[in-house]
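**Q** Once you've had a glance at the structure underneath, I'll fire off some questions.
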Amino acid sequence: MTAFIIICAIAGAISLINFILYGKDKFAAIKGTWRVPEITLILLSLLGGAVGGILGMMIFHHKFRKPAFIAANVAGLAWQSFALVLAYLYLAA
């Protein structure tokens, strides 16, 4: 059970970082200052932060028109959900 909680905490931390970076990038776009590289947002969404990416897109109304971001967040959410279910079945049971 402890391993499953650690996996969830890591995914949650990556999602939180991704969410914060979406907000930072949105406000940087408004101000015209340094932006977060798009590849950073995409990779974080694919590597465990899809929930944060989706929430960042929704709350900050950011990157909605870019298919790469939608695809990365949907793909990330799909595999992360699958991985968490498998982790639960094998580690928590």
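The values are calculated or read from the model by the stated rules, or taken from the named source; none is laboratory data. Given the structure is predicted, the values throughout are model-derived calculations rather than measurements. A quick note on method: Cβ atoms are made from the backbone with ideal geometry, for glycine too, and the neighbour counts reach across all protein chains shown. Just so you know, the surface numbers come from the protein's heavy atoms only, side chains and all, with ligands and any DNA or RNA stripped out. Shrake-Rupley method; radii C 1.70, N 1.55, O 1.52, S 1.80 Å.
**Q** So the check is Cβ under 9 Å with 6+ separation or different chains; which pairs have a first residue in region 40-53 that's under 11 Å from Ile20 (Cα atoms) and a second one that's aromatic (Phe, Trp, Tyr) and open to solvent by less than 10 Å² (accessible area, probe 1.4 Å)?
**A** These pairs meet every condition: Leu41/Tyr22; Leu41/Phe69; Gly52/Tyr22; Gly53/Tyr22; Gly53/Phe69.
Quick grid of which residues meet (1) under 10 Å from the mean Cα position of the chain (by Cα); (2) surrounded by fewer than 15 Cβ atoms within 10 Å (Cβ to Cβ):
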{"residue": "Ile14", "(1), (2)": "yes, no"}
{"residue": "Ala28", "(1), (2)": "no, yes"}
{"residue": "Lys31", "(1), (2)": "no, yes"}
{"residue": "Val36", "(1), (2)": "no, no"}
{"residue": "Ile39", "(1), (2)": "no, yes"}
{"residue": "Leu46", "(1), (2)": "yes, no"}
{"residue": "Leu55", "(1), (2)": "yes, no"}
{"residue": "Met58", "(1), (2)": "no, yes"}
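**Q** Separate question: Please name all residue pairs, on different chains or six or more residues apart, with Cβ atoms under 8 Å, provided the first residue is in region 54-80 and is closer than 14 Å to Asn18 by Cα and hydrophobic (A, V, I, L, M, F, W, C) and the second residue is in a loop (DSSP other than H, G, I, E, B) and open to solvent by less than 80 Å² (accessible area, probe 1.4 Å).
**A** As it stands, the answer is Met57/Lys63; Phe69/Lys63, since those pairs meet every condition given.
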